[in-house]
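Read through the structure below, which is laid out as structure tokens, and then see the notes.
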Amino acid sequence: MSTQEAKHTPLEYQTTHGQMNILGFWIFLAAEVVLFSTLFATYAVLFGRTADSPLPSELFGAEIVLIMTFLLLTSSFTCGIAIHNMRQGQVKPLIIWMVITLLLGLGFLGFEIYEFMHYTHEGATLQSSAFWSSFYVLAGTHGLHVTLGIGWATLLIIQIVKRGLTPVTSQKVFIISLYWHFLDVIWIFIFTAVYLIGMVV
Amino acid sequence: MKLSEFFVTGEPLIYAGMVAIVLVTCAIVFLLTYFKRWGWLWREWLTTVDHKKIGIMYILSALAMLFRGGVDALMMRVQLAFPDLNFLNSQHYNEIFTTHGTVMIIFMAMPFLIGLMNIVVPLQIGARDFAFPYVNALSFWSFFFGALLFNISFVIGGSPDAGWTSYTPLAGAALSPGPGQNFYLLGLQLSGIGTLATGINLMVTILKMRAPGMKLFQMPIFTWSTLVTCFIIIFAFPILTVALALMTIDRIFGAQFFTLTGEGMPMLWANLFWMWGHPEVYIVILPAFGIFSEIIATFANKRLFGYKAMVWSMILIAGLSFLVWVHHFFTMGAGAFVNSVFSVSTMLIAVPTGVKIFNWLGTLYKSKIQFTTPMLWSLAFIPSFVIGGVTGVMLGMAAADYQFHNSYFLIAHFHYVLIAGTVFACFAGLEYWYPKMFGHKLNQKLGKLSFWLFVIGFHITFFPQYFLGLDGMPRRLFDTAPEWFTLNFISTIGAFGMGAGFALFVLNIYYSYKTSPREKTGDSWDGRTLEWATPTPIPHYNFATQPTVKELDAFHDMKKRGETTYDESKLKPIHMPNYSGQPFIMMGLLFFSSFALVFEWIILSAVFLVAVLVMMGIHSFDYDDGYHVEVEDIKRTERQLRGLNDEHTGS
Amino acid sequence: MSSNKTLITLTLLFSLSIITGCSELRVLEPKGPVGEDQKELIIYSLWFMLGIVVVVFGLFGYMVFKYRDRPGRGNKDYEPEQDGNLKVEIIWTIIPLIIVTLLSIPTVDTLFDLEKPPQSANEEEPLVVYATSADWKWFFSYPEQGIETVNYLHIPTERPIEFRLSSADSMAALWIPALGGQKYNMAGMQTILYLQADEEGVYDGRNSNFNGEGFSLQTFQVHAEEDTAFKEWVNKIKNEKPELTQDQYNELLKPSIIGEMAFSNTHLEWVDHGTMMGSDYSIKRHQNAYEKKLHLKSLDKADAEEEGDADEAQ
């Protein structure tokens, strides 16, 4: 590869290994899409099977879910800024924006846990009916992904602090940004298919 | 929990099994200690990331599982040989057919084929390893520990007994209390992680690591079948992951997905299971098609007929495999329209499959057929599989399926496709690539004897079962009625023929190890594809210099032009990954976590899970870049293997 | 060498069809119009399948025999570079497509027919029978007649029977091979299966879908008899048999093997397991009863009942 090309190829794509990792991760995301599709399908099939427990329209409220959506969407945006900084080789802004991303993610998680506790308190638990089981598992799987993402990104930030930007670290950061955007997309589906529809029906 | 509840008690057969397990374990420990092989075991095998060694471990485990599943099968056949034999009681019989099915599909067929892919695919595309060798080791150990978890249910806690399909509500907590079903769920979950990872790994390997010049439509047909299989794995396995997780949450945490209470929906399980399960069938049959295609072309000494049609038909089969799952339960009452749609889509699969059959026949046309053992398996596959295939179309005709469903007609059909397809392919592939793996061929005479025993036994076992089905004998019946005695008895005789064939096959491994002449060239069968271009034994870096590929049947054409893949003037240091003990330990911890969850010891399970996460975190900080094999070392190895002593040759 | 294999397979095929030809195969000797439709479809498909098998086996035998490598064969008829032929490949894609089409049409046709009661000679309305499966027994409720039987049933000949299938617990499938194909019994939903007997006789019926330890013994007998005999039987049950109480019914629902019984009312008075309301009826009452093992050793129901009683006594 000529030096000219090397300048234009982002750092994370410069080694074959980096390219393979990124391709592998895209394929993994395809598998994740199938995983979430299955959960959405399960949710759709079990929709309305609430037995004796509260209806979703009685519990779902717009405010908190809107705040959660805002937090996660913003975090996706700040994550994008972080990658932009990485492309320009600026380590410090990269770290700052990543930390902001994680804080927003933590905020999202906090509200989600609060939501869940609230519903449980109102008598809608994992055990109470097929509908609520599918709700908790769908939203919970997303929440679990966010949690793992936060832990993983924290480790990466430490690595960047220690090593700076190399083809390996930048490839790792790029991959987690893909993951983070993916979780954002899934959340948009949860927001519309679960909360918005659940509030109306 | 009392100890007497922890261990399975009360069955003489299981006590015998326990004694056997203890004895074999002692023997292995003794031998390893006596020959001072513990270090060797750890350094060379448990920590390896070399795709060839991992492949061998896959195949060895799969053979062990074939033995276990086979013993299950023989026990069932003994019980069914005579009415009221009372060899197994109902409960024990139920456990055995459940483990037989699960072991054969999940822990035998898939790992066997994945093992062959591990060994062969990188060699066929001229690569030095997988895209992610470390992940490959993780995959293997996840399969290994998943299989271990499933198999210990036999002595600890009790085996699952709800059938390999585990239909709810039967398999739910209400109707199947106890740890048995949890073993099924967590054993499959654990090994499923590995399968998905292998799917991604192989796909990246094939897409990114092909030898320079090799276009997609110049890939050997087995590599193509692997690529298509990976596609199915990636889109089907997450469905299983979810289905298993939901049932686990149902059983252990009291959720209501598949329950009869809380307005749960038991039928959802059947749908999710078969949305994975049908593609799964093609996961185990497409690689088999690939293996047969390689072997038939090699021993017909002719190019594969209709290569492109073969590839496209596999792609078509893979696509259709996701659109037919309802045919496993036409009798659920989804209505005539739904059944019609799935009936037609099911029968459509016969078209690409038929094309493949005719293409194999076309390959034989104007060829020169050598009847080696791998070729015999491949030839026997064609007519046997056709019987399985046409009865499959009959089952696909939904209106008729109301009579075939849940009967021995179905049993006969899927054994005809899975044994004649997958099992024959495993034997054929193992015999074919055996010299590449171990440096010597399997004895042909013993091999042929075991082939005839197995194939004749197979037809005697399963052909009568079509008629039992037509006479109304349902599957999973633990005892036969006198009216079905004759055919059942014949079937049992056949099963012992298959058992003898398998025993002879294993014996042949030992006999050949002792007596077979060692391979000198790497090209044992006058092969056509790149794996035969490497010397035997294969150096750990596979190819000293990467070949440039210009056509299909790359090695065949190279030989015609008098070229080899080795060019001493182009040697460069080769980058190789380091071995690591982490995959073994990480999956071992996950095994303990799953084991604790089986008994619903949730805190203990969580502790082990956290340990796994910590290890993953530690691995994230590990910037191990591997090492380089120096040119001098490569030169020395290659010269010795290729018998080039003169300083000047080869350059 | 491998042509031997084909020969062996063919001989096997032949000899087996002789062996089995002697005894009747239930599915291929149906006693009613539904089974008859399905049999016709099976036989129709069987001709195509035989055709395919003959062609493929013939070609296979020919290729393997003719093109085997043997001393002195030389390079006559050997074309190692031949790698395809578009024309024949198109032909052998189109032929299977035609076969599939020819099989699809009668399949779809029969499928829609099976959703309707079979045409009967005297054009009577179908007789409604609720067939409810519970681990491991069958309840047959006749709502019009107001009677219920356990593990056996009587039906009039030449009149369609509308089975309304459901289950109190695990999933089962009602299958009477001599009369026609099966459908699933599921808790919380109802499936409908039409069958009809045209010949008098006693036919074996069973649950064909595995549902636990007692699965193999979940069988029943169908007595098909002329309309007058059937009516007589109904009256006899109505007059001579006791009423089923809810308590007794709940007791019967417990997982167990039991013999034949009859009652002069139906359990539909208090529960229909085919509705969402009825799906947890049994589970809620017998939560811990499913753990118990029956230790079944043979297909003899009487033995199994004794075994159950012995357990009860302990």
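The values are calculated or read from the model by the stated rules, or taken from the named source; none is laboratory data. What you see is a predicted model; the values in this text were computed from it and never measured. Backbone-built Cβ (ideal geometry, glycine too); neighbour counts: all protein chains shown.
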Looking only at region C:250-271, and only at residues there that are more than 17 Å from C:Asn211 (Cβ to Cβ) and crowded, with 21+ Cβ neighbours inside 10 Å, the one that is nearest to the other protein chains (Cβ to nearest Cβ) | C:His267
Cβ-Cβ under 8 Å pairs, at least 6 apart or on other chains, region A:26-44 side touching a residue at least 12 places away in the same chain (Cβ under 8 Å) and β-branched (Val, Ile, Thr), far side outside any helix (DSSP H, G or I) and surrounded by 20 or more Cβ atoms within 10 Å (Cβ to Cβ) = A:Thr42/B:Phe257
Just need a number here: residues in region B:19-70 that are more than 29 Å from B:Asn578 (Cα to Cα) and either in contact with a Lys or Arg (Cβ under 6 Å, 6 or more places away or on another chain) or surrounded by fewer than 17 Cβ atoms within 10 Å (Cβ to Cβ) (or both).
-> 11
Output yes when any residue across region C:203-223 is more than 10 Å from chain B (Cβ to nearest Cβ) and small (Gly, Ala, Ser), and no when none is.
-> no
The lone exception for A:Ile100 - which of (1) within 23 Å of the chain's Cα centre (by Cα); (2) buried (at least 20 other Cβ atoms within 10 Å of the Cβ); (3) at pLDDT 95 or above it fails = (2)
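Filter region C:180-191 for residues that are of a type in the set (Gly, Ala, Ser) and closer than 17 Å to C:Gly205 by Cα; which is nearest to the other protein chains (Cβ to nearest Cβ)? Break it down into steps so the answer makes sense when it comes.
Start the filter on region C:180-191 by keeping residues that are of a type in the set (Gly, Ala, Ser), which leaves C:180-181, C:187-188.
In the following step, the residues that additionally are closer than 17 Å to C:Gly205 by Cα were identified as C:180-181.
Details: C:Gly180: 7, C:Gly181: 2 Å.
Here the residue is C:Gly181.
Do we find a residue being part of a loop (DSSP other than H, G, I, E, B) and within 11 Å of another protein chain (Cβ to nearest Cβ) anywhere in region B:396-403? Steps first, answer last, please.
The first filter runs over region B:396-403 and keeps only residues part of a loop (DSSP other than H, G, I, E, B), leaving B:397.
Then keep just the ones that are within 11 Å of another protein chain (Cβ to nearest Cβ); that gives B:397.
Yes; the residues of region B:396-403 include at least one that is part of a loop (DSSP other than H, G, I, E, B) and within 11 Å of another protein chain (Cβ to nearest Cβ).
Sort through C:Leu46, C:Leu59 and tell me the only one that's farther than 21 Å from B:Leu364 by Cβ, of a type outside the set (S, T, N, Q) and assigned to a helix (DSSP H, G or I). Even if it seems obvious, please write down each step before you answer.
Details: C:Leu59 fails: farther than 21 Å from B:Leu364 by Cβ.
Result: C:Leu46 is the single residue among C:Leu46, C:Leu59 that is farther than 21 Å from B:Leu364 by Cβ, of a type outside the set (S, T, N, Q) and assigned to a helix (DSSP H, G or I).
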Considering (1) within 11 Å of chain B (Cβ to nearest Cβ); (2) in a helix (DSSP H, G or I); (3) in contact (Cβ under 8 Å) with a residue 60 or more places away in the chain, say which one A:Ser128 fails and leave the rest.
-> (2)
Of the numbered conditions (1) touching a residue at least 12 places away in the same chain (Cβ under 8 Å); (2) assigned to a loop (DSSP other than H, G, I, E, B); (3) out of contact with any Gly (no Cβ under 9 Å at 6 or more places or on another chain), C:Arg70 fails exactly one; give the number of that condition.
-> (1)
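Is it true that B:Ala211 is within 20 Å of the chain's Cα centre (by Cα), surrounded by fewer than 24 Cβ atoms within 10 Å (Cβ to Cβ) and touching a residue at least 60 places away in the same chain (Cβ under 8 Å)? Outline the logic, then answer.
On the way: within 20 Å of the chain's Cα centre (by Cα): no; surrounded by fewer than 24 Cβ atoms within 10 Å (Cβ to Cβ): yes; touching a residue at least 60 places away in the same chain (Cβ under 8 Å): yes.
No.
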Determine whether region B:559-582 contains at least one residue that is among the small types (Gly, Ala, Ser), surrounded by 19 or more Cβ atoms within 10 Å (Cβ to Cβ) and assigned to a helix (DSSP H, G or I).
-> no
Failed condition for A:Thr74, given (1) surrounded by 19 or more Cβ atoms within 10 Å (Cβ to Cβ); (2) more than 14 Å from chain B (Cβ to nearest Cβ) = (1)
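Residues are listed down the side, and each one gets a yes or a no for (1) over 30 Å from B:Leu364 (Cβ atoms); (2) buried (at least 23 other Cβ atoms within 10 Å of the Cβ); (3) among the small types (Gly, Ala, Ser):
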residue: B:Pro220; (1), (2), (3): no, yes, no
residue: B:Phe253; (1), (2), (3): yes, no, no
residue: B:Phe257; (1), (2), (3): yes, yes, no
residue: B:Phe289; (1), (2), (3): no, yes, no
residue: B:Ile296; (1), (2), (3): no, yes, no
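Of all the strands (runs of 3 or more DSSP E) wholly in region C:127-179, which have at least 2 residues that are under 26 Å from C:Asn239 (Cα atoms) and within 14 Å of another protein chain (Cβ to nearest Cβ)?
Where strands (runs of 3 or more DSSP E) fall fully within region C:127-179 and carry at least 2 residues being under 26 Å from C:Asn239 (Cα atoms) and within 14 Å of another protein chain (Cβ to nearest Cβ), they are C:127-134, C:161-167.
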Could you tell me whether region A:23-39 includes any residue that is in a helix (DSSP H, G or I), more than 7 Å from chain B (Cβ to nearest Cβ) and more than 19 Å from the chain's Cα centre (by Cα)?
-> no
With criteria (1) within 7 Å of chain B (Cβ to nearest Cβ); (2) more than 17 Å from B:Thr391 (Cα to Cα); (3) within 34 Å of the chain's Cα centre (by Cα), C:Gln82 comes up short on (3)
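Could you say whether any residue in region B:220-236 is part of a loop (DSSP other than H, G, I, E, B), more than 8 Å from chain A (Cβ to nearest Cβ) and over 24 Å from A:Phe47 (Cα atoms)? Walk me through how you get there before you give the answer.
Step one: filter region B:220-236 for residues part of a loop (DSSP other than H, G, I, E, B), giving B:220.
Next, from what is left, pick out any that are more than 8 Å from chain A (Cβ to nearest Cβ): B:220.
From what's left, over 24 Å from A:Phe47 (Cα atoms): B:220.
Yes, there is a match, as at least one residue in region B:220-236 is part of a loop (DSSP other than H, G, I, E, B), more than 8 Å from chain A (Cβ to nearest Cβ) and over 24 Å from A:Phe47 (Cα atoms).
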Enumeration of residues in region B:583-599 that are assigned to a helix (DSSP H, G or I) and hydrophobic (A, V, I, L, M, F, W, C) = B:Phe584, B:Ile585, B:Met586, B:Met587, B:Leu589, B:Leu590, B:Phe591, B:Phe592, B:Phe595, B:Ala596, B:Leu597, B:Val598
Flag for B:Ala554 being small (Gly, Ala, Ser), buried (at least 20 other Cβ atoms within 10 Å of the Cβ), at pLDDT 90 or above and closer than 18 Å to B:Lys52 by Cα = no
